[in-house]
1. Would you point out the residue of the stretch 114-135, among those that are of a type in the set (A, V, I, L, M, F, W, C) and open to solvent by 70 Å² or more (accessible area, probe 1.4 Å), that is modelled with the highest pLDDT?
2. Please specify each residue of the stretch 34-49 satisfying the condition of being of a type in the set (Val, Ile, Thr) and under 22 Å from ASP18 (Cα atoms).
3. Show the residue pairs meeting these rules: Cβ distance below 7 Å; 6+ apart or different chains; first residue within the stretch 105-134 and within 21 Å of PHE68 (Cα to Cα) and touching a residue at least 40 places away in the same chain (Cβ under 8 Å); second residue charged (D, E, K, R) and part of a helix (DSSP H, G or I).
4. State all residues of the stretch 58-75 that are open to solvent by 70 Å² or more (accessible area, probe 1.4 Å), in a helix (DSSP H, G or I) and either touching a helix residue (DSSP H, G or I) at 6+ places or on another chain (Cβ under 7 Å) or hydroxyl-bearing (Ser, Thr, Tyr) (or both); if no residue qualifies, say none.
5. Among the listed residues HIS97, HIS78, which satisfies the condition of being in a helix (DSSP H, G or I), free of Cβ contacts under 8 Å to residues at least 12 places away in the same chain, closer than 16 Å to ARG48 by Cα and over 20 Å from the mean Cα position of the chain (by Cα)?
6. Evaluate the following for ILE26: is it out of contact with any Cys (no Cβ under 8 Å at 6 or more places or on another chain), of a type outside the set (S, T, N, Q), part of a strand (DSSP E or B) and touching a residue at least 12 places away in the same chain (Cβ under 8 Å)?
7. Between VAL93, VAL103, which is among the hydrophobic types (A, V, I, L, M, F, W, C) and either surrounded by 14 or more Cβ atoms within 10 Å (Cβ to Cβ) or under 19 Å from LEU131 (Cβ atoms) (or both)?
8. How many residues are aliphatic (A, V, I, L, M) and part of a helix (DSSP H, G or I) when one looks only at the stretch 29-57?
Amino acid sequence: MAKVPGTELYEFFEKLHDTYGPVWSISVPNVGRLIQGDTPEPVDYVLRTNFWDYEKSDLLRGILGDIFGTGITIADGHNWRFQRKMITRLFNVSAFHEHVSDVFVAKGQKVVEYLGKAADEGTVADITSLLLNFALDAFGTYV
């Protein structure tokens, strides 16, 4: 797990990670169940494979809305179905294998390098702008 400037909450989460591994959950009063996963597999499971078992709360949408907007990542129900339908038309298996995966890996590496440099220098990274530019750059390359 990456090290960041220490806070009590971070240290608590780090202790849970050390005790339970890369995937764990905790129930918080008035919030609900929070699931922590720091590998792609549990994120894929929650956001795609077993989507319907993990409803996104208004609290989560409020917290992540500045980062993800109203996109499919934090959508539920009808909104999710609509967005999923639109995305599946753009991405099909052959297109993904032929073009998209290489593009996203290359563009994703640039994002990782940028964030690593910002972390090393102790500078603030505008994650909203970064993700927007990543998406536009990746889709612009793909389309």
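1. Applying the filter and picking the extreme gives ALA119.
2. ILE35, THR39, VAL43, VAL46
3. So the pair list comes out as THR128/ASP66.
4. ARG61, ASP66, PHE68
5. So the residue among HIS97, HIS78 that is in a helix (DSSP H, G or I), free of Cβ contacts under 8 Å to residues at least 12 places away in the same chain, closer than 16 Å to ARG48 by Cα and over 20 Å from the mean Cα position of the chain (by Cα) is HIS78.
6. no
7. Only one candidate passes the filter, namely VAL103.
8. 3
The values are calculated or read from the model by the stated rules, or taken from the named source; none is laboratory data. As the structure is a prediction and not an experimental result, all values here were calculated from the model. In this analysis, Cβ positions are derived from the backbone assuming ideal geometry, glycine residues included, and neighbour counts consider all displayed protein chains. In case anyone asks, the SASA skips ligands and DNA or RNA and just uses the protein heavy atoms, side chains included. Shrake-Rupley method; radii C 1.70, N 1.55, O 1.52, S 1.80 Å.
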